[in-house]
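The values are calculated or read from the model by the stated rules, or taken from the named source; none is laboratory data. Everything quoted here is computed from the prediction, not taken from an experiment. Because the Cβ atoms are built from the backbone with ideal geometry, glycine has one as well, and the counts that use them run over all protein chains shown. When the accessible area is computed, the model is the full protein with side chains, heavy atoms only, and any ligands, DNA or RNA have been set aside. Shrake-Rupley method; radii C 1.70, N 1.55, O 1.52, S 1.80 Å.
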Amino acid sequence: MKEIGGYFGLDENRGSEYYSNALAFNTARNCLRFLIRHHGIKQIAIPDYNCEAVEGAIKKEDCGYYFYPVGRDLKPDISKVRDSDWLYIVNYYGQNSEFIDAVINAHKNVIVDNVQAFFCKPFKGADNIYTCRKFFGVPDGAYLLPQDNSMLQEYEKLAVDRSGKRLAAVLGRYEDNAESHFKEYQEIEENLDKLPILKMSSITHWLLRSIDYDHVISVRNSNFSFLQEKLDDINEIDVRDNTGSYVYPLLI
């Protein structure tokens with residue numbers, strides 16, 4: 001029961017999150033750890049061009065893994081991935097959608113990393129992982145959009161994370177500048193790797209309900225189009241998708 005009186009807290013935010021029906025976790029790496037436990041994954045193939053947090057999450061679950069190569073065109077070579085193993089595939093900068101669809105049709109056990117493609121629609125027939133921190137001013141938060149509802153009961157048993165002590169860098173940057181609070185940000189980043197698998201905190205949910213997602217997409221699209229107009233002639237990457245993109249990928 002909440003107290004009455006004393007002082008006011010945050011008012012109720014009645015906005016909507018972008019993925020309101022997703023399973024919400026505290027971090028994307030914990031989404032992966034949850035999937036490894038739920039599916040009982042013993043062996044998983046991951047790309048050699050990847051964030052070290054992915055490898056770290058797999059190690060924490062004592063799961064076996066091996067690498068497959070990714071070309072300069074961002075297309076992975078999964079020809080040597082065994083059918084019996086799980087496949088972890090990254091939607092690099094949101095540019096691999098067509099290829100991922102083909103992979104899902106050919107491989108039965110696929111986890112799609114949409115960490116660099118928050119606004120990309122989830123791929124059917126696969127488990128989809130998204131992060132919030134790469135796109136918005138939140139201290140933590142990630143979404144898992146699974147291929148079915150089999151893990152809902154298991155998810156509901158998880159405790160809820162608490163983010164109050166991780167807000168210093170986000171709130172500080174709003175009033176000051178990034179440099180003034182960068183040390184706090186680094187400390188928060190280091191501690192994220194130590195977090196247990198928990199549901200997304202109430203504060204992070206509150207912050208995500210306050211975002212004008214249409215505006216975010218519009219600004220990101222505008223920035224992306226400007227860069228593509230200036231750099232497309234020298235870019236070796238065939239850039240196609242521009243839907244609220246994380247960055248403009250440039251290879252020269």
List every residue whose amide H lies under 5 Å from the amide H of V110, counting only residues 5 or more places away in sequence or on a different chain, with H placed 1.01 Å from N in the peptide plane. L87, D127
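Would you tally the net charge around P139, using a Cβ to Cβ cut-off of less than 12 Å, leaving P139 out, and scoring K and R as +1, D and E as -1? Mind showing how you got there, number by number?
Details: positive: R133, R162, K165, R166, R173; negative: D140, D161, E184, E187, E189.
Surrounding charge for P139 is 0.
Considering just Cα atoms, how many Å³ per residue does the convex hull of region 88-182 enclose? Before the final figure, lay out each step's value.
Working: hull volume 10.7 nm³, N = 95.
Taking only Cα atoms, region 88-182 has a hull volume of 113 Å³ per residue.
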Using a Förster distance of 41 Å, how high is the FRET efficiency between L171 and L251, based on the Cβ-Cβ distance and rounded to 0.05? 0.65
Under a plain spin-label model, where a point goes 7 Å from the Cα along Cα-to-Cβ, how far apart in nm are F67 and N223? 3.0 nm
Collect residues whose amide H, placed 1.01 Å from N in the peptide plane, falls under 5 Å from the amide H of Y65; neighbours closer than 5 in sequence don't count. I44
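Tally Lys/Arg at +1 and Asp/Glu at -1 over every other residue whose Cβ is under 14 Å from the Cβ of N30; what's the total?
Working: positive: R29, R33, R37, K59, K60, R133, K194, K199; negative: E61, D113, D127, D140, E154, D161, D193.
Result for the local shell: +1.
Counting each DSSP H run of 4 or more residues in the chain as -39500 (n - 2.57), what helix-only mean residue ellipticity at 222 nm follows after dividing by all residues, to the nearest 500 deg cm²/dmol? Walk me through the numbers before you get to the answer.
Details: 8 runs with 81 residues, N = 252.
Mean residue ellipticity at 222 nm (helix-derived): -9500 deg cm²/dmol.
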Which residue, L192, L35, L152, has the most motion in a Gaussian network model of the chain that connects Cα atoms within less than 10 Å? L152
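State in Å² the accessible area per residue of the chain; use a 1.4 Å probe, count heavy atoms of protein chains only, and round to the nearest integer. Walk me through the numbers on the way to the answer.
Values: 14580 Å² over 252 residues.
Per-residue value: 58 Å².
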Three principal axis lengths of region 182-222 [C-alpha, angstrom, descending]: 36, 24, 14
For V90, which sequence-distant residues (separation of 5 or more, or a different chain) have an amide H within less than 5 Å of its own amide H, given hydrogens modelled in the peptide plane? D113
For region 47-117, what are the per-bin percents of Cα-Cα distances with bins 10 Å wide, up to the bin holding the maximum? 18, 58, 24, 0
For the chain, the percent of accessible surface on carbon and sulfur atoms (probe 1.4 angstrom, ligands and nucleic acids excluded) is 49 percent
A correct Kirkwood calculation over the Cα atoms of the chain returns a hydrodynamic radius in Å of 19.6 Å
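Counting Lys +1, Arg +1, Asp -1, Glu -1, what net charge surrounds N177 among other residues with beta carbon under 15 Å of its beta carbon?
Working: positive: R173, K183; negative: E175, D176, E179, E184.
Here the charged neighbours net out to -2.
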